[in-house]
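Trainee: The following block contains the structure, expressed as structure tokens.
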Amino acid sequence: MGSNVWSPQIIVRALMEEGLHVNFGITGGHMNSIDDYYRIYGNRMYHMRHEQAAAYAAEAYSKVTGKIGLCQATVGPGTCNMITGVNQAYYSNSPIIAILGQTLRADYDRNAFQPVKGTKMYEACTKWTKFVDDVTMFSWYIRKAARDCMAYPPAPVALELPLDLIEFAPYTLVNPAGQSNYILDMRAPKVDELPLPTPSDEECERIVEWLFEAERPLIIIGHGGRWPDCAPELKEFSELTDIPFHQRRACRGSVPEDHPLHIAGPARGRAFRFADRFLTMGLRFDVLEQWGAWGPDKRFVQVSQSPTEIWPEIVTDIEAIGNVKATLKKMSKIVRNKYGANIPKKTAWRDEVIAMKERGEKLRRERAEDLQAKMTLPGQLGAVPLGQIIADFINEEIPDATVILDSFTLSSWASDLIKSRVTGGVLDAGIQGGVGHGVGMGIGAQVGRPGKPVLALMGDAGMGNGGMDIETAYREDLPIVFVVYNNGCWLGGFNAFFGRDWNGAVNPHVRDTDKGQGTLTGRVPYGEMFKLIGCHGEEVTAWDQVRPALRRAFESGKTAVVDLHGDPDTWHALFDTNIYDTFFFVMNHHLPEELWQGSEESKERTRNVFKVFGYAEWPKTPKLFPPFDDKEDWDWTIGAPPKYLEKAKECTEQLKKEK
Ligand SMILES: Cc1ncc(C[n+]2csc(CCOP(=O)(O)OP(=O)(O)O)c2C)c(N)n1
Ligand SMILES: [Mg+2]
């Protein structure tokens with residue numbers, strides 16, 4: 001005796017049993033039955049404009065809620081469109097499930113309508129992916145996907161469902177309790193409810209002693225601190241020992257970043273350079289962490305819940321396998337038991353770090369104010385002062401905001417000044433480093449934290465790439481403020497490399513001479529554009545309008561677009577620093593000298609960069625970019641690898657002698 005059900009019923013029910021009540025996607029003929037059952041069963045589907053935004057939204061949702069994000073795309077173009085967001089989630093360690101449509105099984109290799117080999121495509125950016133060709137296994141794979149995507153380190157899983165198994169016929173459940181090996185309402189603990197793995201007492205004791213032996217120890221917490229939230233344990237351990245800490249990636253904001261022991265902002269680089277030992281916990285080393293190359297003679301202890309994340313290129317005294325939260329908890333207990341009232345706190349070092357922070361913030365603010373005073377033309381809102389103004393606004397007026405960093409140039413000047421106060425409070429594209437993710441991620445963040453302030457910093461390139469999903473936010477009545485740094489170009493400030501006349505790919509001024517290559521249409525009024533469909537919109541051209549416009553946008557309670565007429569000559573913060581790093585060099589100095597059309601000044605800079613890389617004798621000056629002549633620039637960054645810093649210093653000395 002069996003009972004008749006439609007297979008999409010099984011799919012949707014299994015998803016909801018796993019707590020997946022929210023879904024981001026775009027429908028298609030192949031997905032209609034699933035979409036209808038979402039509606040019937042009360043799953044909330046957010047219908048996007050572009051599938052990449054569906055995956056971005058699912059990722060942001062997972063990061064702000066700590067739960068699984070769910071996204072869905074139809075066959076062919078839908079599946080292809082969504083992969084960009086899934087790839088970002090993969091390289092950001094975010095647990096999402098991607099549901100992909102597929103043709104009839106019989107048509108898989110027959111050039112069917114909208115063909116795609118989704119399973120194969122998604123293999124490269126998921127933990128695993130499965131073409132589920134057996135109805136009796138649907139719910140089993142959904143449950144398996146939900147467990148596996150959350151298993152540390154979290155990452156996406158994709159399921160591809162063929163049309164003939166989800167649309168046509170009622171299916172007879174032979175086992176009324178469910179499907180193959182699937183027990184309805186089974187309450188096995190979910191992955192995040194399982195006991196947290198912890199290093200042994202002895203290992204934790206060794207780590208504690210190792211920290212106390214250091215003169216200037218730092219604790220760096222990465223994405224592993226977010227699953228589950230390590231905030232109380234981190235705060236407790238840091239306050240107990242006076243060891244400063246820094247939160248990275250998905251962990252930003254766990255302990256509010258205005259905590260005195262939290263290092264951030266312009267002082268971070270300096271603190272990293274002075275520190276002698278680093279306890280890294282749940283930190284995945286990657287290019288944004290400079291693969292741990294934080295200076296010579298640094299020593300590490302690495303704690304991760306997965307051995308796969310222990311990084312092999314750094315001098316590591318202890319490797320321990322454990323969850324961040326559980327390990328910190330045990331370490332605090334050990335400190336208390338072992339030292340009682342005589343904890344050898346690192347108070348002097350803590351005070352040094354606090355002084356660095358204050359000084360760093362002061363220097364940055366002075367630079368912002370100085371530039372602001374010089375930038376007085378309408379539409380000349382430079383990213384350096386704007387970064388300060390926007391961070392001040394966030395810190396002072398919307399401290400519980402979730403902020404999404406999409407704008408390339410502006411985000412770089414705002415990110416380290418924002419003192420996030422909510423777990424997962426600063427979201428970005430991670431090492432994928434794309435543009436256009438901000439709109440989808442803003443939607444996911446607002447759905448995950450209903451009614452809380454969400455601010456997405458966009459560039460005008462990102463608006464072109466993902467901007468139409470602002471209509472989704474409007475249609476779904478999601479109050480998100482999209483702030484556009486509208487400099488009318490890709491990659492502000494690149495003319496500094498190539499010269500104002502360079503008729504190449506990324507000169508923001510090439511518009512004047514050769515419409516096309518280098519620029520976007522200048523000053524597309526994004527605020528006005530989205531006002532036409534019902535959003536709140538602002539066009540901002542002068543400094544004193546910035547903060548009031550931001551305030552009005554939040555007060556409107558609507559989807560809002562604040563269009564800041566930005567300066568095309570301001571460059572990304574990294575160009576102050578990483579310019580000596582290999583890939584920036586390769587990217588930006590890609591032409592032989594005889595093809596260079598820039599000014600004499602830019603040629604000179606380029607020659608100098610070649611020299612720094614050992615192609616000829618020493619450069620005449622390490623100051624390649626005149627606008628930043630702050631003596632202390634080099635010290636205030638972890639951007640420049642030490643060997644180049646050394647060279648830069650040598651050059652400075654030589655220059656002094658020559659003078
Ligand atoms: C999806 C994607 N395509 C291309 C790139 C290469 N890219 C890096 S920055 C950039 C332009 C950024 O322009 P915008 O967001 O307007 O920033 P800004 O002008 O402030 O530098 C591009 C195209 C990318 N990062 N992501
Ligand atoms: Mg731009």
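Trainee: Tell me which residues, restricted to segment 474-527, are modelled with pLDDT under 95, among the aromatic types (F, W, Y) and outside any loop (DSSP other than H, G, I, E, B).
Mentor: F497, F498
Trainee: Would you point out which residue out of P189, P176, P199 is modelled with pLDDT of 75 or more and assigned to a loop (DSSP other than H, G, I, E, B)? Explain how you work it out, then say what you get.
Mentor: On the way: P189 fails: modelled with pLDDT of 75 or more; P176 fails: modelled with pLDDT of 75 or more.
Every option except P199 fails the conditions.
Trainee: A further question follows. Take the residues in segment 473-489 that are away from ligand 1 (no atom under 16 Å from the Cβ) and buried (at least 24 other Cβ atoms within 10 Å of the Cβ), then tell me which one is nearest to W413 (Cα to Cα).
Mentor: In this case the residue turns out to be V481.
Trainee: So in segment 343-374, with the set limited to residues that are closer than 30 Å to M331 by Cβ and of a type in the set (A, V, I, L, M, F, W, C), which one is surrounded by the most Cβ atoms within 10 Å (Cβ to Cβ)?
Mentor: V353
Trainee: Condition check: out of contact with any Lys or Arg (no Cβ under 9 Å at 6 or more places or on another chain), surrounded by fewer than 20 Cβ atoms within 10 Å (Cβ to Cβ) and either part of a loop (DSSP other than H, G, I, E, B) or of a type in the set (F, W, Y) (or both). Does P399 satisfy that?
Mentor: Numbers: out of contact with any Lys or Arg (no Cβ under 9 Å at 6 or more places or on another chain): no; surrounded by fewer than 20 Cβ atoms within 10 Å (Cβ to Cβ): yes; either part of a loop (DSSP other than H, G, I, E, B) or of a type in the set (F, W, Y) (or both): yes.
So P399 does not fit the description; no.
Trainee: How about segment 400-424: which of its residues are more than 16 Å from ligand 2 (Cβ to nearest atom) and not β-branched (V, I, T)?
Mentor: Across segment 400-424, the qualifying residues are D400, A401, S415, D416, L417, K419, S420, R421, G424.
Trainee: Restricting attention to segment 436-450, does a residue exist that is within 15 Å of the chain's Cα centre (by Cα), modelled with pLDDT of 95 or more, in a loop (DSSP other than H, G, I, E, B) and within 15 Å of ligand 2 (Cβ to nearest atom)?
Mentor: yes
Trainee: Can you pull out the residues in segment 265-313 that are in a helix (DSSP H, G or I) and among the basic types (K, R)? Before the answer, list the steps.
Mentor: Going residue by residue through segment 265-313, those that are in a helix (DSSP H, G or I) are 265-274, 287-292, 307-309.
Result: R268, R270, R273.
Yes/no matrix, rows are residues, columns are (1) over 23 Å from E309 (Cβ atoms); (2) assigned to a helix (DSSP H, G or I); (3) polar (S, T, N, Q):
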{"site": "N32", "(1), (2), (3)": "yes, yes, yes"}
{"site": "S62", "(1), (2), (3)": "no, yes, yes"}
{"site": "P115", "(1), (2), (3)": "yes, no, no"}
{"site": "D133", "(1), (2), (3)": "yes, no, no"}
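Trainee: Now for a different question. Working only within segment 409-433, note down all residues that are within 10 Å of the chain's Cα centre (by Cα) and crowded, with 21+ Cβ neighbours inside 10 Å.
Mentor: Taking segment 409-433 and keeping what is within 10 Å of the chain's Cα centre (by Cα), we get 424, 426-433.
Scanning segment 409-433 gives G424, V426, L427, D428, A429, G430.
Trainee: Only one of A73, A60 is within 18 Å of I404 (Cβ to Cβ) and either among the aliphatic types (A, V, I, L, M) or in contact with a Leu (Cβ under 8 Å, 6 or more places away or on another chain) (or both). Can you tell me which?
Mentor: Details: A73 fails: within 18 Å of I404 (Cβ to Cβ).
Result of the check over A73, A60: A60.
The values are calculated or read from the model by the stated rules, or taken from the named source; none is laboratory data. Since this is a predicted model, take the numbers as computed values, not measurements. Positions of Cβ are generated from backbone atoms using ideal geometry, with glycine treated the same way; all protein chains shown enter the neighbour counts.
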